[in-house]
Amino acid sequence: MRRVSVFAVVLLLLVNLPEPRLAAAVTDAPDSAATPAPEAPPAPAKGSSEGRIPIGVGVKVSTLGIGGEVAVAISHRSNVRFGFNSFSYRHTFDKDGVTYKGTLDLRSAQATYDLFFFKEFHSPGVLVYNGNNVTANASVPGGQSFTLNNTNYVSDVADPVSGTGKLTVYKAAPMLLVGFGNLVPRSRHFSTSFEIGAAYQGPPRVTLNLGGSACDSTGLFCRSISSDPTIQANVVSEQAKLNKSTSPYKFYPVLSFGVGFKF
């Protein structure tokens with residue numbers, strides 16, 4: 001009787017137990033065979049030159065003088081360049097009996113746009129400041145003859161002829177250059193360049209001012225140059241002749257050679 005009672009109690013316990021949550025267990029269990037989610041690829045590391053604007057600097061020797069320049073690359077086939085030039089040269093010469101001690105001063109600043117085609121570049125640009133000029137001190141020793149506008153004079157011994165002359169051009173001048181080289185090379189640091197072209201500086205303007213006294217061919221009748229209208233008219237005519245002789249130089253030749261380094 002006791003065995004039956006024990007069996008009945010065990011049977012009741014089994015009947016009243018909760019149902020096994022097999023589905024939940026299966027669902028909650030991690031699926032070892034599931035494919036893992038793909039990871040995002042790492043961001044590419046930035047190179048040391050990425051985002052840097054290529055800049056080149058250089059020095060050059062040209063018919064505009066000795067100078068320096070800096071260039072910035074704005075596209076794969078073009079740069080902008082800025083530079084300056086400076087040089088002075090002194091020379092003494094005689095013309096029609098008048099001795100001129102002249103000084104050539106080259107002073108300019110330029111901006112250039114370089115376009116590259118098969119290593120050849122065409123560079124339109126401008127001399128944003130063109131201070132190129134020639135100044136001279138004129139003199140005629142006393143007793144020496146000289147000519148103004150095809151008229152012969154003799155410099156007064158007591159008041160010799162002296163004066164100044166000056167040649168000036170436009171303060172700005174457009175340029176066109178053709179050459180080889182790149183101040184901002186795309187695959188190296190050092191560079192060389194060669195250019196040839198011209199700058200339009202306009203017809204040179206010559207001014208001539210003379211003082212002292214000029215005498216006739218006998219040396220006896222002398223007149224002050226500043227107060228005599230006839231001599232002054234001849235000075236003006238001589239100035240016009242000088243302007244005519246320099247008019248072909250409205251185009252100034254440009255020839256340059258330079259070396260540079262890109263940062």
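Is there any pair with a first residue in region 51-75 that is on the phi < 0 side of the Ramachandran plot and a second that is acidic (Asp, Glu) whose Cβ atoms are under 7 Å apart and which are 6 or more apart or on different chains, and what are they?
As it stands, the answer is Gly58/Glu69; Lys60/Glu69, since those pairs meet every condition given.
Residue under question is Ser237, and the condition is that it be without any contact (Cβ under 8 Å) to a residue 40 or more places away in the chain and either in a loop (DSSP other than H, G, I, E, B) or farther than 30 Å from Val128 by Cα (or both); does it hold? Give the derivation first.
Working: without any contact (Cβ under 8 Å) to a residue 40 or more places away in the chain: no; either in a loop (DSSP other than H, G, I, E, B) or farther than 30 Å from Val128 by Cα (or both): yes.
When the stated conditions are applied, Ser237 does not pass them.
Could you tell me how many of the residues in region 194-237 are closer than 30 Å to Val178 by Cα, surrounded by 19 or more Cβ atoms within 10 Å (Cβ to Cβ) and in contact with a Phe, Trp or Tyr (Cβ under 7 Å, 6 or more places away or on another chain)? Full working, then the answer.
Filtering region 194-237 down to residues closer than 30 Å to Val178 by Cα leaves 194-205.
Restricting the remaining residues to those that are surrounded by 19 or more Cβ atoms within 10 Å (Cβ to Cβ) gives 195, 197, 199, 201, 204.
Pick out the ones that are also in contact with a Phe, Trp or Tyr (Cβ under 7 Å, 6 or more places away or on another chain) and you get 199, 201, 204.
Result for region 194-237: 3.
I'd like the full set of residues that are free of Cβ contacts under 8 Å to residues at least 60 places away in the same chain, surrounded by 15 or more Cβ atoms within 10 Å (Cβ to Cβ) and hydroxyl-bearing (Ser, Thr, Tyr), limited to region 165-193.
Selection gives Thr168, Tyr170.
Would you pick out the residues in region 146-198 that are more than 30 Å from Gly97 (Cβ to Cβ), assigned to a strand (DSSP E or B) and of a type in the set (S, T, N, Q)? Write out each step before concluding.
First, the residues of region 146-198 that are more than 30 Å from Gly97 (Cβ to Cβ): 170-198.
From what is left, the residues that are assigned to a strand (DSSP E or B) are 173-180, 190-198.
Listed by number, the residues that qualify are Ser191, Thr192, Ser193.
For (1) within 25 Å of Leu242 (Cβ to Cβ); (2) charged (D, E, K, R), each residue gets a yes or a no:
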residue	(1), (2)
Asp94	yes, yes
Leu104	yes, no
Gly131	yes, no
Thr135	yes, no
Asp159	yes, yes
Met175	no, no
Asn182	no, no
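Read-outs throughout are calculated quantities, based only on the coordinates presented, and are distinct from any laboratory measurement. Please read all numbers here as calculations on a predicted model, not as lab measurements. Counting neighbours? That spans all protein chains shown, and the Cβs are built from the backbone with ideal geometry, glycine included.
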